[in-house]
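Below is one structure, written out as structure tokens; the observations come after it.
The values are calculated or read from the model by the stated rules, or taken from the named source; none is laboratory data. Not measured: the values here are computed from a predicted model. With ideal geometry, Cβ positions are generated from the backbone for all residues, glycine too; neighbour counts draw on all protein chains shown. These area figures cover heavy atoms from the full protein model, side chains too; ligands, DNA and RNA do not enter into them. Shrake-Rupley method; radii C 1.70, N 1.55, O 1.52, S 1.80 Å.
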Amino acid sequence: MDMQSVITAAIEAVAAEQGKTLRPLTDDLVLLESGLDSLCFAILVTRLEDEVGFDPFTLSDDVYFPVTLGDFIRFYDDAARSQAAPTLAA
Amino acid sequence: MQHAAKPLRRWLLEAERGRGRALLAPGTRLTLDALADTTGLGALRGALADRNVLVSTGSQLAAAEALVELDGLARRIVLAPPDLKPTDIPAVMAGAGIDAVLCDGDHPGFGPDVLIAVPGPRVPLPDAAAAEVRDTEWVLLTSGTTGLPKMVAHSRAGLIGAIDPSALAPVWGTFYDIRRYGGLQILLRALIGGGSMVLSQAGEPMADHMARLAAAGVTHLSGTPSHWRRALMTPETASIDPRVVRLSGEIADQAVLDSLRRAFPGVAVGHAYASTEAGVGFEVTDGREGFPAALLDADGAVAMKVEDGSLRIRSTRTASRYVGGTARALADRDGFVDTDDLVERRGDRMHFVGRRSGVINVGGLKVHPEEVEAVINRHAGVRMSLVKAKSNPITGAIVVADVVIERTFPDTDAARAQAGLKAEILDLCRATLPAHKVPVLLRFADALAVTPAGKLARHNA
């Protein structure tokens, strides 16, 4: 499954479990307007870490908060690529 | 001689003889009569008089012997718990002004100015312990997970204050180590009341411990809820037939109380509140979790109040002070000890909700791991659980859980059965708890780590 499908499936699962109504999950959807509250995002990040094996927020040295769903998916995609790439430091 | 002023050996010497009561360790048996009439210290007894003695033994039986030898003889006894780190020993010795160490077998360097006493074979006591008249101060170490252990001073009178010497002498058993407050209380009951006691042994399989308890005919058995949950997972537990089952040291939730009542029909299952600092507080025997709110206003030997959410206790059994270091005052101006155990009133009942230091902060909302564990443990398929924090970039922390289940699933449909059980447990949590307290991840574990003090090992990330 590609990252986009993994993330949208996880978002739908968290929303269903927390009883939240979601706006349509388009790339330009602003996360804060998606229908999920901050607890839902916290749950989402933890579940995704369990599923994909990393949490890009703690991997990154910069403080970065994605604004749209598209940003969020790219953030995970980028982290996945740097995870897969061998690094000299390792 | 007044009850509280009597050193341990005096209790033993005055007890009825020839009743065969004994301290029982794996492969060893020492009768209370021998404990009264013989000494392993010989001429060293004179040299240890009036000293501040660190008791640092490998075995619990050796520690019990040392306590009987030293109570009334030494000025101060500092009882080293089994997991005292060697690197902490110098600070403990300096803080408590130690000038003698009683140890068995190998001993590391304790410094040139310290008397090292290693007991030898027991020989008849020369002088009927005429020298044992001092009001020895007892110092116990707390089992903090970080930093130096705190040294908590008790008078003998305070330590034995909750003991009724006229009670029928039973066969005591405990999962605790006697070098900690909970286990020491049981040892003192055995010595003062003339009962036998089956000592625990670190690393001994639960099945072997149960076999020893059964062989000795244990009547009174105590431990933490974590100890008991492990005992309930051990088939050999069916071989014991106790009259009294007691829990302390951790929150006894309804699930573990109910499980014990099912495992031991007709047996008095009680949970007690005690701590190294606060001493023995109270015991609840109605089979329900928590304690009656009326105890807070009761007039009696123990006064209790709730302040800033935590239980405060004042009694003649509370410790007198901290020894050494720059430790804060043990009690407030009115003599109440803050237990740091947070309580909550629900109807006519007070419930323990967790430790002040263990609170998980989920985006500014507090979660007590213990309250979530109590809900998870209510599921019939769950034996025990550990709820902990996992760091989270959005809310700072989030709640996750490790769960030990009652039975293993057959390989054929393990995955499906586990997924079903997980969903049931989480549904139970969602039906009972606000969203931020529901575990975000739930993992099944084969076992949970328990500290040497018998409590669930909590390491919040």
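Key figures
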item	result
Positions within segment B:58-73 being within 14 Å of B:Gly105 (Cβ to Cβ) and surrounded by 24 or more Cβ atoms within 10 Å (Cβ to Cβ), in sequence order	B:Ala63, B:Glu65, B:Ala66
Filtered residues of segment B:66-94 (kept if among the charged types (D, E, K, R) and in contact with an Asp or Glu (Cβ under 6 Å, 6 or more places away or on another chain))	B:Arg75, B:Arg76
Among residues of segment A:7-31, those that are of a type in the set (Val, Ile, Thr) and buried (at least 17 other Cβ atoms within 10 Å of the Cβ), counted	3
Cβ-Cβ under 7 Å pairs, at least 6 apart or on other chains, segment A:36-50 side within 7 Å of another protein chain (Cβ to nearest Cβ), far side among the hydroxyl-bearing types (Ser, Thr, Tyr) and open to solvent by 10 Å² or more (accessible area, probe 1.4 Å)	A:Ser38/B:Thr395; A:Leu39/B:Thr395; A:Ala42/B:Thr395
Residues of segment B:250-274 satisfying the condition of being within 15 Å of B:Arg230 (Cα to Cα) and within 12 Å of the chain's Cα centre (by Cα)	B:Glu250
Residue selected from segment B:358-381 under the condition open to solvent by less than 30 Å² (accessible area, probe 1.4 Å) and within 14 Å of chain A (Cβ to nearest Cβ), by the criterion farthest from B:Pro393 (Cα to Cα)	B:Val367
Members of segment A:41-78 that are more than 22 Å from A:Thr26 (Cβ to Cβ) and open to solvent by less than 20 Å² (accessible area, probe 1.4 Å)	A:Ala42, A:Thr46, A:Phe54, A:Asp55
Filter result for B:Ala22 (open to solvent by less than 40 Å² (accessible area, probe 1.4 Å), in the same structural domain as B:Val118 (by TED's automatic domain parsing) and more than 22 Å from B:Ala117 (Cα to Cα))	yes
Which listed residue is in contact with a Leu (Cβ under 6 Å, 6 or more places away or on another chain) and either over 23 Å from B:Gln254 (Cα atoms) or open to solvent by 20 Å² or more (accessible area, probe 1.4 Å) (or both), from B:Asp427, B:Asp413, B:Asp348, B:Asp402	B:Asp402
